[in-house]
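Asker: Have a look at this one.
The values are calculated or read from the model by the stated rules, or taken from the named source; none is laboratory data. Given the structure is predicted, the values throughout are model-derived calculations rather than measurements. Because the Cβ atoms are built from the backbone with ideal geometry, glycine has one as well, and the counts that use them run over all protein chains shown. Keep in mind that these areas ignore ligands, DNA and RNA; they rest on the heavy atoms of the full protein, side chains included. Shrake-Rupley method; radii C 1.70, N 1.55, O 1.52, S 1.80 Å.
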Amino acid sequence: MHFGMFMEFGVREGGGSARAFAEGFDLVDAAEAWGLDCAWLAEFHFNPERSVLSSPMLTMTAIASRTKRMRVGSAVYVLPLANSPLRIAEEVATLDQISGGRFDFGIGRSGFERSYRAYGIDYGESQARFDEALDILRRAWAGGKFSYDGKYYKVTDAEVMPAPVQKPGPPMRMAATSAATFEKVAREGLPVFVGLRGDGLSFLAESLGNYRKA
């Protein structure tokens, strides 16, 4: 069993962004000293009362630079909001290099439709965008040049550099909160992130059973 912590880099009333980052990094330093296994970072957009984690990739890179042992992970990176999955493949590989192979890539679609509206993306497209982005990430980390012609994303003769330290790429896991998504995570062959949002333990138990069966 591994013990980690889930971080939102929360904003205290009257504290401001600088204090949120300072307190978050102080906690990371303490967790490294305490022997925790991983710091998992959330992703929030346009939520100034709650969190400063609108750019978790940058924040995770800073954490990787100030730690030597503890792993760092995204919980979760919202793939459909990425302008270019190819760019994400490069940034993730770079973070994996900087951390010396200590990065875990948690991915998901997010249930916050407000973020999609702000970015001008139809939430109804989120599943298809997610699928294309995941396909591109896997191809990018497989090595060599590749092209991709999707509905939302296109790649032409690209070869990602640097390559990630971990092969074929950083370990991925996918978030699920609905019954259908649990089965989709299983079909993708990925470990699952679970979170209780008022559905209760009975729903979680049933969904995990369906995940394992699939």
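Asker: Which label marks the calculated value of log10 I(q)/I(0) by the Debye sum over Cα atoms at q = 0.10, 0.14, 0.18, 0.19 Å⁻¹, given the options (i) -0.46, -0.93, -1.45, -1.54; (ii) -0.44, -0.84, -1.33, -1.46; (iii) -0.53, -0.88, -1.27, -1.37?
Answerer: (i)
Asker: Is the shape of region 79-164 rounded, prolate or oblate, going by the alpha carbon gyration tensor and its root eigenvalues a ≥ b ≥ c, with a/c under 1.5 for rounded and a/b larger than b/c for prolate?
Answerer: Because a/c hits 1.5 or more and a/b fails to exceed b/c, region 79-164 counts as oblate.
Asker: If I stretch the segment between residue 29 and residue 55 completely, what's the gain in nm (0.36 nm per residue apart, minus their alpha carbon distance), one decimal?
Answerer: 7.4 nm is the gain from fully extending residue 29 to residue 55.
Asker: Right, something else. Counting trypsin sites (Lys or Arg not before Pro) as exposed when in a DSSP loop with at most 15 other beta carbons within 10 Å, what is the longest stretch of the chain free of them?
Answerer: Result, exposed sites excluded: 70-144.
Asker: How do the peptides 51-61, 162-172 rank, highest first, by the average count of neighbouring beta carbon atoms within 10 Å per residue?
Answerer: 51-61, 162-172
Asker: Using a 1.4 angstrom probe on the protein heavy atoms only, could you order 96, 199, 157 from most to least accessible area?
Answerer: I get 157, 199, 96, largest accessible area first.
Asker: Which entries of 151/184; 184/213; 68/145 have Cα-Cα distances beyond 23 Å here?
Answerer: 68/145
Asker: Same structure, new question: Stretched out fully, how many nm does the piece from residue 157 to residue 47 gain, at 0.36 nm a residue minus the Cα gap?
Answerer: Gain on extension, residue 157 to residue 47, equals 35.8 nm.
Asker: Quick one: if the Förster radius is 30 Å, what FRET efficiency do residue 37 and residue 97 give, using the C-beta to C-beta distance and rounding to 0.05?
Answerer: So the FRET efficiency works out to roughly 0.90.
Asker: Which order do peptides 200-210, 73-83 fall in by mean Cβ count within 10 Å, highest first?
Answerer: Final packing ranking: 73-83, 200-210.
Asker: Further question on the same structure: Between residue 3 and residue 87, what is the label-point separation in nm under the 7 Å Cα-to-beta-carbon projection?
Answerer: 4.0 nm
Asker: Once every DSSP H run of n ≥ 4 in the chain is given -39500 (n - 2.57) and the sum is divided by its residues, what mean residue ellipticity at 222 nm do you get, rounded to the nearest 500 deg cm²/dmol?
Answerer: -13500 deg cm²/dmol
Asker: A further question follows. Please give the contour-minus-distance gain from residue 68 to residue 167: 0.36 nm per residue of separation, less the Cα-Cα distance, rounded to one decimal in nm.
Answerer: Answer, rounded to one decimal: 33.6 nm.
Asker: Just reorder 141, 40 by solvent-accessible area, largest first, 1.4 Å probe, all chains present.
Answerer: 40, 141
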